[in-house]
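Below is one structure, written out as structure tokens, with a few remarks after it.
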Amino acid sequence: MSTRTLVVVPTLGQRPDFLAQSLTSIRAAGPARILLVGPASFDAADIIAAGLADEKIDEAARGLAAAINQGFAAAGPGIDYLAWLGDDDLLRPGALTRTEQFLEDHPRSSAVYGRCDYIDEHGTKVWAMPTGWWAASLLRVGPQLVPQPGSLFRRAAVERVGPLRTDLGWAFDFDFLIRLSKVGRLSFVNETLADFRWHPDSLSVRRRADSVREASVVRRSHLPAWVRPVAGLWENPVRWATLRAAGLVRTD
């Protein structure tokens, strides 16, 4: 059976232990082609020889979104589903098999997501992200509660909405999900599909205030023009609640 899913792993190659764990988890999640995107200085020959990845391409531009876009563009024929995973995050066993089958059975869905746990640098669970079938409907007015780790995207829908925005530093996945919701359903499966690594060196942790601020800008940009002047009525409470929730997650 041919592989129909591509998982892009953008990496600088600076966290080899986390990267090995991440790639091992993808292999256990189901059949997939694993494509590393990183700087030319990162030699992935040993990783590929060990069977943890299928290919590595040199990044053409700096930035996480640009690396993911480059990986998606290199999908090639026969790939129907796309995903990306941070080089320190993990997929749960069977996650890709489950999500690929879901999209196969639900042709109106542009993407599928599930639950996601937050883990520290030692792999200990520190928080469970609150999410459910209702999270997709909150994207344009509430907090981002659709986990990107563990999500799987229909390639045809991705090509329809276009690449991730490279002008966004943190909320490009948020904007991407909103755009996908406009061309199909963001569907939920009630199981934990991934673990997100929440540790002090994580960009999401170190710059969470900037991330929350940028997410607010993205939400406003997808609102009808006549609604935007009053968006502060809910944007300010949403930003406060999101920052407070992030502060409750232990990082030490």
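Show me the ranking of peptides 188-198, 13-23, 143-153 by mean Cβ neighbours inside 10 Å, starting with the highest.
Working: 188-198: 19.6, 13-23: 17.4, 143-153: 23.7.
Ranking the peptides 188-198, 13-23, 143-153 by packing returns 143-153, 188-198, 13-23.
Segment 143-162 and segment 18-40 have Cα centres spaced 18 Å apart. Amide H contacts of ARG185 (H built 1.01 Å from N, in plane; Pro and chain starts excluded): SER109, SER110, ALA111 sit under 5 Å, all sequence-distant by 5 or more or on other chains. For segment 37-52, the Karplus equation 6.51 cos²θ - 1.76 cosθ + 1.60, evaluated at θ = phi - 60°, returns couplings of 10, x, x, 4, 6, 8, 8, 9, 4, 5, 5, 5, 4, 7, x, 7 Hz by residue, with Gly and Pro reported as x. The trypsin sites (Lys or Arg not before Pro) found in segment 89-141 that occupy coil by DSSP, while having at most 13 further C-beta atoms within 10 Å, are ARG108.
Backbone geometry of segment 54-69 corresponds, through the Karplus equation with coefficients 6.51, -1.76 and 1.60 at θ = phi - 60°, to 3J(HN,Hα) couplings of 9, 7, 10, 10, 6, 5, 8, 8, 7, x, 5, 4, 5, 5, 5, 4 Hz, x marking Gly and Pro. For segment 45-61, backbone nitrogen atoms closer than 16 Å to the point 7 Å from GLN14 Cα along Cα-to-C-beta are found at 59.
Arranged from highest to lowest average of other beta-carbon atoms within 10 Å per residue, in what order do the peptides 79-86, 178-185, 130-137 appear? It would help to have the intermediate numbers written out before the result.
On the way: 79-86: 22.4, 178-185: 18.1, 130-137: 14.5.
Taking the mean over residues of other Cβ atoms within 10 Å, the ranking is 79-86, 178-185, 130-137.
Hey, for a label at ALA28 modelled as a point 7 Å past Cα toward Cβ, could you say which residues of segment 50-90 have their backbone N under 14 Å away? Taking a point 7 Å out along Cα→Cβ of ALA28, the residues of segment 50-90 whose backbone N falls under 14 Å are 89-90. Put in order of Cβ neighbour count within 10 Å, fewest first, the listed residues LEU6, LEU90 become LEU6, LEU90. Rounded to the nearest whole Hz, the Karplus-based 3J(HN,Hα) values (6.51 cos²θ - 1.76 cosθ + 1.60, θ = phi - 60°) of segment 186-193 follow the sequence 9, 9, 10, 10, 7, 7, 7, 9, with x at glycine and proline. For VAL126, nonlocal amide neighbours, meaning residues 5 or more places apart or on other chains whose placed amide H falls under 5 Å from its own, are TYR118, ILE119, ASP120. Amide H contacts of GLY94: ALA29, GLY30, each under 5 Å away and 5 or more positions distant or on a separate chain (H built 1.01 Å from N in the peptide plane; Pro and chain starts excluded).
Where a number appears in this text, it was derived from the coordinates with a stated rule and is not lab data. Please read all numbers here as calculations on a predicted model, not as lab measurements. In this analysis, Cβ positions are derived from the backbone assuming ideal geometry, glycine residues included, and neighbour counts consider all displayed protein chains.
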